[in-house]
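Notes to accompany the following structure.
The values are calculated or read from the model by the stated rules, or taken from the named source; none is laboratory data. What you see is a predicted model, and the numbers here were worked out from it, not measured in a lab. Glycine also receives a Cβ, built like all others from the backbone with ideal geometry; neighbour counts cover every protein chain displayed. Surface areas here come from the heavy atoms of the whole protein model, side chains and all, with no ligands, DNA or RNA. Shrake-Rupley method; radii C 1.70, N 1.55, O 1.52, S 1.80 Å.
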Amino acid sequence: MRLAFDLAARSTCVRLQVGCVIVSCDYSRVYGIGYNGNAAGRPNECDSPTPGNCGCLHAEDNALLKTNGGPEVSKIVFVTHQPCAYCAKRMVNKGGIKKVYFSEPYRLTQGLEILKDANIEVIQIKPQFLDRAPLPSLP
C-alpha cells in the first residue's frame, strides 16, 4: 500500500492523487502499477479544472492496462482510494482479481458493491497503518 501512495505522488491531477499496485497473491511479484493522469503523449496535466471532468485516466485503469495475465492469473490490488464503479467493473472484467485493499473511503459505494457481487474480497486498510512502522501481517 505504501508503494501505491508513493505512486500517487506522481499524479498531476489537481483534485485527487491516486495510486494503484497489482501484485501476485503471494505478494512476491508486481504485475502492474499506475497513478491517475493523462494519456501517454498528452500534456502531463488535467484537461479541465472541473471536478469529475479532469480527463485523467484512473490509477486502477492505468495499472490494469499494464498488467499481464488474464483470469487464470490470481491477483491482488492495492489502491490508495476506494475504487469507483467504473474501475470496479474493469477489475471484474480483467479477471483473476481475488482481493482489493484500499485506504481512503469514497462517498459513493457502488464500486465496493460491484466488487463484492463478483466475489472479490474488499478490505480497507486504515490510514493509521500507513506510517513507516511495519504493516500488520496480511492473510
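Points worth noting:
- Each 5 Å bin from 0 upward holds the following percent of the Cα-Cα pairs of the chain: 2, 11, 21, 24, 21, 13, 7, 2, 0.
- Amide N proximity, the stretch 97-115 versus K126 label position 7 Å along Cα-to-Cβ, cut-off under 14 Å: 103-105
- Paramagnetic label zone (point 7 Å from Cα along Cα-to-C-beta, L3; backbone N under 17 Å) in the stretch 65-87: 65-69, 74-81
- Highest average packing first - 73-81, 60-68, Cβ atoms within 10 Å: 73-81, 60-68
- Dividing the summed -39500 (n - 2.57) terms of all DSSP H runs of n ≥ 4 by the residue count of the chain sets its mean residue ellipticity at 222 nm at -6500 deg cm²/dmol.
- Where the chain is the region considered: accessible area per residue in Å², 1.4 Å probe: 56
- Share of carbon and sulfur in the accessible area of the chain stands at 52%, probe radius 1.4 Å.
- Taking only alpha carbon atoms, the stretch 1-66 gives an Rg to Rh ratio of 1.02, where Rh is the Kirkwood radius.
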